[in-house]
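Note sheet for the following structure.
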Amino acid sequence: ALCTENLPEPDIIPTDYFSAIKYDGNATDDRTVTGVGFSPGFVWSKAFTTTYNHYMVDTVRGVNAYVNSNRVNAETSDTDILKSFDADGYTLGNSGNMNESGHSHIAWNWYLGGTGAANTEGSLNTTKTQASTASGFSIVTYTGNATSGATLGHGLTKAPEWFMTKKRGASGGWMVYHIGNTAAPETDELNLEVTEATQDSANIWNDTLPSNTVITLGNNSVINQSGATFVAYAWHSVEGFSKFGSYVGTNSTDGAFVYLGFKPALVITKAASRTGHWNMQDNKNNPTNRVNKVIFANTNDGQYTDPNAACLIDFTSNGFKWRNNDDNNNDTGETYVYMAWAAVPAKFSNAY
C-alpha cells in the first residue's frame, strides 16, 4: 500500500519549517492565531483585502519590532502588533496592522528554533544569529563599520543563495542578493521595496560571493553604515523544501516551466533584467490551479486577482509553470529570479 510506512523518511518535512495561514482580523487584544504547525521564528504578514503595509516580525529582533517589505522606513516598535510567539502560532494585539477587523490576512511563517547567539566567524561580529541549518534559513542582526570587505557570519552550512538586508535604526532601502540575478550576482543588487531592475553596485556586496560561513559587505551606508544597526534574512536551497534560481521569459501563454522538485506552497518572483513587481503567490489564497491571486511585496496594495493577466500560473507536483504572457513575469528573453518553498516534496509522493 502507498503510505508513509512504505516510503523512506524525507530529509525534511516541509510543513515543519514553512506554512502559510489565513485568518480574519477582529481587532481583539490577545487574539491567538493557531494552525501554523510550529512556533515561528519569522512572520511576514499582509492584510490582503485592504491597502495596508506588509509586516515582518521575528524572534531575533523581538516581538514588538517590525519592518515593512514595501517601505524604506526604520524599524518600528509597537506592543499591539504581535505580542508573543506561541507553540502553534502567535498572539496578536488589537492593532489593525495584523488584526484589522473586517479584513482578511495572510501570513507566511518560517521556523527557526533555538535561541541564537552572537556569531564571530566574520570580521564583523553579529549582535545575534539564529539559524535553522536543516531548512537553510537564518536571521542576523549586526552593527555596521563602513569597511569594504567586512564579513558577517550567517550561521548556515552552505552559502546563502538569497538574502536581504534592512537598516533598522534609520530609513534605508532593502538590499537583495540573489544567486540567479545575473551571471555575476555578487556584483549586483535588487531592491525589495521597488520595481527597479537589477543594478551593478560594487559597494554593496564588495563584488564577493557569499561563502559557506560568511556574507561579505561593501561600505555603502545602506548596508554597512558605521554604528547603524541592520537585520539580514538569508536562505539557501534544501532538496525537497526550498529552491532559489532564475528562468527566462517566453512571452507565451504556454510559458516557462520551472522545476523545483516539489509542489510549492509559496513562490516569489521578480524581474531582474527589467522592471517588475515582486509577486507573492501561495497555496492558501490559491488552493487550486489556475493560480490567479497575487500579492506584491513592494506595495501596500490589496490582493490582485485576474484570471487572464499578470499572475496566472500553475503549481505542479514538481514546480510551477506560467500561463500568461505578461511582461511582469514572462517577457521574451527577460531574466526573472524566483524563491520557492514546498508544500509536498515530489520524490516522496503525496503520502506526507
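Points worth noting:
This table checks each residue for (1) open to solvent by less than 40 Å² (accessible area, probe 1.4 Å); (2) at negative phi; (3) at pLDDT 95 or above.
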residue	(1), (2), (3)
ALA297	yes, yes, yes
TYR304	no, yes, no
CYS311	yes, yes, no
SER317	no, yes, no
TRP322	yes, yes, no
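- Residues that are in contact with a strand residue (DSSP E or B) (Cβ under 7 Å, 6 or more places away or on another chain), in contact (Cβ under 8 Å) with a residue 24 or more places away in the chain and open to solvent by 10 Å² or more (accessible area, probe 1.4 Å), drawn from region 89-117: THR91, ASN97, GLU100, HIS103, SER104, TYR111, GLY113, GLY116
- Looking only at residues in region 183-213 that are acidic (Asp, Glu), under 28 Å from GLN130 (Cα atoms) and assigned to a loop (DSSP other than H, G, I, E, B), the one that is nearest to the chain's Cα centre (by Cα) is GLU193.
- Residue that is modelled with the lowest pLDDT [pool: residues in region 1-52 that are charged (D, E, K, R) and more than 16 Å from GLY102 (Cα to Cα)]: GLU9
- Sole exception among (1) at pLDDT 90 or above; (2) open to solvent by 10 Å² or more (accessible area, probe 1.4 Å); (3) touching a Gly at 6+ places or on another chain (Cβ under 9 Å) for THR269, by number: (2)
- Residue list for region 240-262, filter: charged (D, E, K, R) and modelled with pLDDT of 95 or more: LYS243
- The residue of region 218-238 that is least open to solvent (accessible area, probe 1.4 Å), among those that are among the hydroxyl-bearing types (Ser, Thr, Tyr) and part of a strand (DSSP E or B), is TYR233.
- Verdict on VAL294 being in contact with a Gly (Cβ under 8 Å, 6 or more places away or on another chain), outside any loop (DSSP other than H, G, I, E, B) and β-branched (Val, Ile, Thr): no
- Criterion: at pLDDT below 95, crowded, with 23+ Cβ neighbours inside 10 Å and not basic (Lys, Arg) - qualifying residue of THR126, THR120, THR165: THR126
- In region 45-56, the residues that are of a type in the set (A, V, I, L, M, F, W, C) and either under 12 Å from the mean Cα position of the chain (by Cα) or under 18 Å from ALA131 (Cβ atoms) (or both): MET56
- Note on region 239-266: residues that are part of a strand (DSSP E or B), among the β-branched types (Val, Ile, Thr) and surrounded by fewer than 22 Cβ atoms within 10 Å (Cβ to Cβ) total 1.
- Odd one out for MET98 among (1) more than 17 Å from the chain's Cα centre (by Cα); (2) part of a strand (DSSP E or B): (2)
- Among the conditions (1) closer than 22 Å to ASP16 by Cα; (2) crowded, with 19+ Cβ neighbours inside 10 Å; (3) of a type outside the set (Phe, Trp, Tyr); (4) modelled with pLDDT of 95 or more, the only one that SER69 does not satisfy is (1).
- Index of the failed condition, PRO160 passing every other in (1) of a type outside the set (A, V, I, L, M, F, W, C); (2) surrounded by fewer than 18 Cβ atoms within 10 Å (Cβ to Cβ); (3) in contact with a Pro (Cβ under 9 Å, 6 or more places away or on another chain): (2)
- All positions within region 15-32 that are in a loop (DSSP other than H, G, I, E, B) and not acidic (Asp, Glu): TYR17, GLY25, ASN26, ALA27, THR28
- Some residue of region 170-177 being touching a residue at least 24 places away in the same chain (Cβ under 8 Å), at negative phi and in contact with a Gly (Cβ under 8 Å, 6 or more places away or on another chain): no
- Residue in region 325-337 that is over 19 Å from HIS178 (Cα atoms), modelled with pLDDT of 95 or more and outside any loop (DSSP other than H, G, I, E, B) present: no
- The set of residues in region 28-46 being polar (S, T, N, Q) and touching a strand residue (DSSP E or B) at 6+ places or on another chain (Cβ under 6 Å) consists of THR32, THR34, SER39, SER45.
- Hey, LYS83 closer than 14 Å to ASP29 by Cβ and open to solvent by 40 Å² or more (accessible area, probe 1.4 Å) or not: yes
- When each of ASN279, ASN286 is tested for being buried (at least 17 other Cβ atoms within 10 Å of the Cβ), touching a strand residue (DSSP E or B) at 6+ places or on another chain (Cβ under 6 Å) and in a loop (DSSP other than H, G, I, E, B), the lone residue that passes is ASN286.
The values are calculated or read from the model by the stated rules, or taken from the named source; none is laboratory data. Predicted model, so just to flag it, every value in this text is computed and none were measured. All Cβ positions, even for glycine, are placed from backbone atoms using ideal geometry, and neighbour counts span all protein chains on display. For the accessible areas, the whole protein counts, side chains as well, though only heavy atoms, and no ligand, DNA or RNA atoms are used. Shrake-Rupley method; radii C 1.70, N 1.55, O 1.52, S 1.80 Å.
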